Amino acid sequence: MTLSCFPSAKAAGAVTLNLGAFINTIISFIIIAFAVFLVIKDINRMKREKGSDPKLITSPKTFASQNISGIIPGEAISFWSGK
């Protein structure tokens, strides 16, 4: 049995290969995924810019030297002695 068009094949209950619908779904998915990617990328960029500080600590050594230089000797002694 040969069916010449899609509506007659579908009416007869034949299995059809709907490549157009499949390709349309793939293209729609790619467009939506790309849009979500761009939104998330912008959100991450805005978070980074919001929390950025010009005196950003770049290494553990810099972090330690900044913390040690900020301690007043009297406060450091009272902190470690527990008084």
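The values are calculated or read from the model by the stated rules, or taken from the named source; none is laboratory data. Here the structure is a predicted model, which means the values were calculated and not measured. Because the Cβ atoms are built from the backbone with ideal geometry, glycine has one as well, and the counts that use them run over all protein chains shown.
Filtered by the rule that a residue be surrounded by 10 or more Cβ atoms within 10 Å (Cβ to Cβ) and not charged (D, E, K, R), the range 1-11 gives L3, F6, S8, A9, A11. I71 meets the conditions (1) modelled with pLDDT under 80; (2) in a loop (DSSP other than H, G, I, E, B); (3) exposed (fewer than 10 other Cβ atoms within 10 Å of the Cβ) in every case but one. The failed one is (3).
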